[in-house]
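Participant: To start, I am sharing the structure in question, which I have written as structure tokens.
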Amino acid sequence: MSTAPVVEQPNLPRWQSIALLVGAIGIAICLAGLAFETTRVHVFRAWLVGFCLTVGIALGSLVVLMLQYLTGGDWGFILRRPLEAATSTMPLVTLFYLPLALVLSSLYEWADPAKVEADPHLQHKALYLNVPFAWIRAGIYFAIWNLLAFLLNRWSRQQDTARDMAIHKRCEALSAPGMVLYVLTITFASVDWVMSLEPEWFSTMYGAMFGMGQVLSGFAFAVAMLVLLSRRLEVGQLTGGNNLRDLGSLLLAFVMVWAYLSFSQFLLIYSGNLPEEVPWYIYRFEGGWKYLGLMLVIFHFALPFVLLLSTNVKRNRAMLASVALLVLLMRAVDLLWLIVPAFHHNSEAVNPPLGARLIYVAALVGMGGIWFAYFLMQLQRWPLAPAFNPYAEGAVHGAVAGH
Amino acid sequence: MAQAPSQSELQEGQIIAPGHSFGTITDKIGSIVQARRTPKRWWTGFLIGFTLMMLLFLTIGNLLARGIGIWGNNAPVGWGFDIVNFVWWIGIGHAGTLISAILLLLRQRWRTSINRFAEAMTLFAVACAGLYPLFHMGRPWFFYWLLPYPNTMELWPQWRSPLIWDVFAVTTYATVSLLFWFIGLIPDMATLRDRSKWWIGRVFYGILAMGWRGSAVHWHRYETAYLLLAGLATPLVVSVHTVVSFDFAVSIVPGWHVTIFPPYFVAGAIYSGFAMVLTLAIPLRKMYKLEDFITDTHLDYMARIMLTTGLMVAYGYGIELFMAWYSGNVYEKGLIANRLIGPYRWFFYALIACNVVAPQLLWFKKVRYSPWTLFVLSLIVNLGMWLERYVIIVVSLHRDYLPSSWGMYSGTGWDWSMYLGTIGLFFACLFLFIRFLPVISIFEMRTLLPEAHVHTEKEAKP
């Protein structure tokens, strides 16, 4: 693998225009929803869900990329370019956040001066939960994430042409503090954006659980992309044999860790049964939300878990991609389940009207579509196989072994 | 990172020194066991361990004669040294399973030279841990009442209690660890049997080798069994300490009812486990000149795992402090205030110094490649993890909801003698293991040689 493989450019522009069109329709529906008094607040909430999904894929990819730099492993070679393209959507995701920053008071009780006035509990938290500080924190998070994504992409490009192991070492050296920064930022970001929707509730597990959800989103997305692209590209030859199986095993591991963290939090709050903690789950078991919760147990954990135990499933491209897409879909369901029941003070949240439900779908599809189009644009800028990489030899070996 | 100063001809990243052949590996490891004379240093170490073990027996004898009143546990601190030490020892045991099972499944070949004694360490640590709940029962001869069996007393375990889950988690863990360790030993037992010049050695190792002849069928069955056991042992790495964390977190005691506890306990367990592996490996490789096999690269990797898990543990401390403030709950805030400025505050500050501040040195490559600095750091982390359990258990219990039932706790002389005694038991067992069984897997070390690389194709298969 000393020479750059000649990579035939895939027919991605078509996918890109479709994604852009679908995205534009979704966003248009959201904008239309803004016009009506009854649906306006749902647009804000739906935007928050869509933002959490897209930022989750982008950040999750960043974490997987850094994890690979830190731990090595041949699987990183074939996954690198989809991961890098997903991280380079960070500017778009930052843009997605801006509308939210302007409507904080419609979403968060702590951003509404009238409510803070009336609630001593919120006054206690005002030291942390206040609008200017929330803006400053968001600025810090996005600065760190954009910088990490930018540097890792830039250095990887440089390595393609310079063929210098020193650049690879530099990526490794950045990844260790990068991981620490990610864990710290996502912990506080998850409090700021999601947990504080119910400012009376708290859980020390939340940041870890939310972050793991992002890692899972990023990884599932990258695996699904890789398999879809493998039909068209030279890199597809590398998705054979043990390489694909390793990706499946990692997906299984991430699914298990997510389930472990989520279940632990549930068990501990359920058994403690304290009045300040357990309502969080009660709201999420009301109305139709309990079916969504049940879906998470079955399709976010049980089914992927059982399927990914099988080596045959992990080696089969179509099956592996289906499982990865299922997990990605469930990530969206999980975010809906985490976020929307938080507005329980408003009875519409338990059972939103049909028009409002449409808004949630439109926001997810719209933001997802725009994001995907941007991702494809990034993906097409560079060859799909890194030209110079210490793991290339192992990846080629792994693709052949096991056949 | 290529500018590393290497102290010998050993290159960085190499996990076995060059120049070895199948024969030299076998000789080097086998000769520790089959030496004619036992080294003086071995006798010194063993006798210290043995003496402390006698202290353990004395404590247990006194405990059975007089009851657990000789310990410091009392209302409000009903769990003291016994549970602190139980969790400490169980945590130490985790590195063995992680190295032997998870690193095997992840195909980390560097695990080969440290897995054997790390697994042995696990077994002895679990044995030490088990003593505490057993003797805390007061009447340990009724321990079988914990098991669900039909009886005329209408006695049935309380399945909602994590303490019962613990019984099953720990016994399963001990059983699987023992099996895993023993199966891994079989081919080496056969090697020692064949090399023994004395009939007692041939009989002893011959029985343990279970008729191993090294045929292709034997190897095939062996590899299958070993991989299956690794798969079985992997969930145990997580489950045991998760259940231990449930012992606390399922309750509603402030400082115990913390949702981050499961992953944070697991990370802490691996942290202390790797600290103990380093505590043992560094003197061991010096004593028997095993630097060719347990290289500086091994120490570097273990130090990195320690740094990673140490950061996770630090995250746990931090998030607990932040959420206690954020919650606005008077009991949560009271607990944190008690931790930071209460009567046991120095335990907390010492814990932060040992577990959070000191390990930050591991970011520096120089430190990771300096065995004796690592040795000192590993001792500090072992101490820090003991303090962590002390802070979690004693500081949370001694002041809970009702100020009228607040009190103080300190371990009695018998608490300390039991603790020192289990350390003695641990080291006595470990020295016996070093003398009578190969501390490094002989046959797995052979597979690291270039001559053995035909095996890599096979290894890649599931």
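The values are calculated or read from the model by the stated rules, or taken from the named source; none is laboratory data. A quick note: this is a predicted structure, and the numbers were derived from the prediction, not measured. We place every Cβ from the backbone using ideal geometry, glycine too, and count neighbours over all the protein chains shown. Quick note on the areas: whole protein, heavy atoms, side chains included, nothing else; ligands and nucleic acids left out. Shrake-Rupley method; radii C 1.70, N 1.55, O 1.52, S 1.80 Å.
Participant: Work out the charge dipole of the range A:2-400 with +1 on the Cβ of Lys and Arg and -1 on the Cβ of Asp and Glu about the Cα centre, then indicate which of A:MET165, A:SER322, A:GLY248 is farthest towards its positive end.
Facilitator: So the residue we want is A:MET165.
Participant: Taking accessible area as the heavy-atom solvent-accessible surface of the protein chains with a 1.4 Å probe, which residues of the range B:258-300 lose no less than 20 Å² upon going from the isolated chain to the full protein assembly?
Facilitator: Residues shielded by partner chains are B:THR259, B:ILE260, B:PRO262, B:PRO263.
Participant: In addition: For B:LYS197, give me every one of the lysines with a C-alpha distance below 29 angstrom, ignoring sequence neighbours fewer than eight places off in its own chain.
Facilitator: List returned: B:LYS28, B:LYS40, B:LYS286, B:LYS289.
Participant: Please give the direction-averaged projected area of the C-alpha convex hull for the range B:78-170, in square nanometres with one decimal. Mind dumping the intermediate values first?
Facilitator: Details: hull surface 31.3 nm².
Quarter of the Cα hull surface area: 7.8 nm².
Participant: Using a probe of 1.4 angstrom, how much of the accessible area of the range A:2-400 is carbon and sulfur, in percent?
Facilitator: The computed percentage sits at 71.
Participant: Calculate one ³J(HN,Hα) per residue across the range A:302-307 by plugging θ = phi - 60° into the Karplus curve 6.51 cos²θ - 1.76 cosθ + 1.60, and present them in order as whole Hz with x for glycine and proline.
Facilitator: So the Karplus estimates, Gly and Pro as x, are 4, 5, x, 4, 5, 5 Hz.
Participant: A further question follows. Enumerate the lysines that A:LYS125 could reach by cross-link, defined here as Cα to Cα under 26 Å, with residues fewer than 8 away along the same chain left out.
Facilitator: Candidates past the 8-residue exclusion: A:LYS115, B:LYS333.
Participant: What is the spin-label model distance, in nm, from B:LEU64 to B:MET210 if the labels are put 7 Å beyond Cα along the C-beta direction?
Facilitator: Taking the simple label geometry, B:LEU64 and B:MET210 are separated by 3.2 nm.
Participant: Defining a contact as two alpha carbons under 8 Å apart and six or more residues distant in sequence, what relative contact order in percent does chain B show?
Facilitator: 32 percent
Participant: B:ASP27 accessible area, nearest 10 Å², 1.4 Å probe?
Facilitator: Surface accessible to solvent at B:ASP27 totals approximately 80 Å².
Participant: Dividing the Cα radius of gyration by the Kirkwood radius, what Rg/Rh value follows for the protein assembly as shown? Walk me through the intermediate numbers first.
Facilitator: Working: Rg = 28.6 Å, Rh = 29.3 Å.
Reported Rg/Rh, Kirkwood definition of Rh: 0.98.
Participant: Over 18 Å, how big is the tail of the calculated P(r) for the range A:114-267, in percent of all Cα pairs?
Facilitator: The answer is 72 percent, as a whole percent.
Participant: What is the Cα centroid distance between the range B:327-400 and the range A:302-339, reported in whole angstrom?
Facilitator: 39 Å
Participant: Moving on. Kindly compute the accessible surface that chains A and B hide from a 1.4 Å probe when together, both sides summed, and give it to the nearest 100 Å². Present the calculation step by step, with values, prior to reporting the outcome.
Facilitator: On the way: alone 17100 and 21500 Å², together 35440 Å².
The contact between B and A buries close to 3200 Å².
Participant: Taking the mean number of other Cβ atoms within 10 Å as a proxy for protection, how do you rank A:38-47, B:159-168, B:409-418 from highest to lowest?
Facilitator: A:38-47, B:409-418, B:159-168
Participant: Between A:ALA35 and A:HIS121, what's the calculated FRET efficiency when r is the beta-carbon distance and R0 is 35 Å? Round to 0.05.
Facilitator: My answer for the efficiency is 0.50.
Participant: A follow-up question, please. To the nearest Å, what is the center-to-center distance of the range A:9-67 and the range B:79-102, using C-alpha atoms only?
Facilitator: About 46 Å separates the Cα centre of the range A:9-67 from the one of the range B:79-102.
Participant: What percent do you get for the relative contact order of chain A when only Cα pairs under 8 Å and 6+ apart count?
Facilitator: Value for chain A: 37 percent.
Participant: Once you compute Rg and the Kirkwood Rh from C-alpha atoms, what is the Rg to Rh ratio for chain A? Display every interim value, and only then the final one.
Facilitator: Details: Rg = 21.4 Å, Rh = 22.0 Å.
Ratio of gyration radius to Kirkwood radius: 0.97.
Participant: While we're looking at this one, here's another question. Going by accessible area, probe 1.4 Å, with all protein chains left in place, what is the ranking of B:TYR401, B:TYR149, largest first?
Facilitator: B:TYR401, B:TYR149
Participant: Also: So if I take the centroid of the Cα atoms in the range A:266-283 and the same for the range B:121-200, what is the distance between those two points in Å?
Facilitator: What the calculation gives is 35 Å, centre to centre.
Participant: What ranking of B:MET53, A:MET295, A:MET330 comes out by heavy-atom accessible area, probe 1.4 Å, highest first?
Facilitator: A:MET295, B:MET53, A:MET330
Participant: Using packing as a proxy for protection, rank B:379-388, A:263-272 so that the peptide with the highest average count of other Cβ atoms within 10 Å comes first.
Facilitator: B:379-388, A:263-272
Participant: Which value does Rg/Rh take for the range B:53-109 over its C-alpha atoms, Rh per Kirkwood?
Facilitator: So for the range B:53-109, dividing Rg by the Kirkwood Rh gives 1.25.
Participant: Order B:TRP219, B:TRP141, B:TRP406, A:TRP110, most accessible first, counting only protein heavy atoms with a 1.4 angstrom probe.
Facilitator: Details: B:TRP219 75, B:TRP141 135, B:TRP406 115, A:TRP110 10 Å².
My answer, sorted largest first, is B:TRP141, B:TRP406, B:TRP219, A:TRP110.
Participant: If you line up the long axis of helix A:317-339 against the longest principal axis of chain A, both from Cα atoms, how many degrees apart are they, to the nearest 10?
Facilitator: Between the helix axis and the principal axis of chain A, the angle is about 20 degrees.
Participant: So how do B:200-209, A:149-158 stack up, highest first, on mean other-Cβ count within 10 Å?
Facilitator: Per-residue mean Cβ counts within 10 Å order the peptides as A:149-158, B:200-209.
Participant: Using the scaling law 2.2 N^0.38 Å as the reference, what is the normalised Cα Rg of chain B?
Facilitator: 1.03
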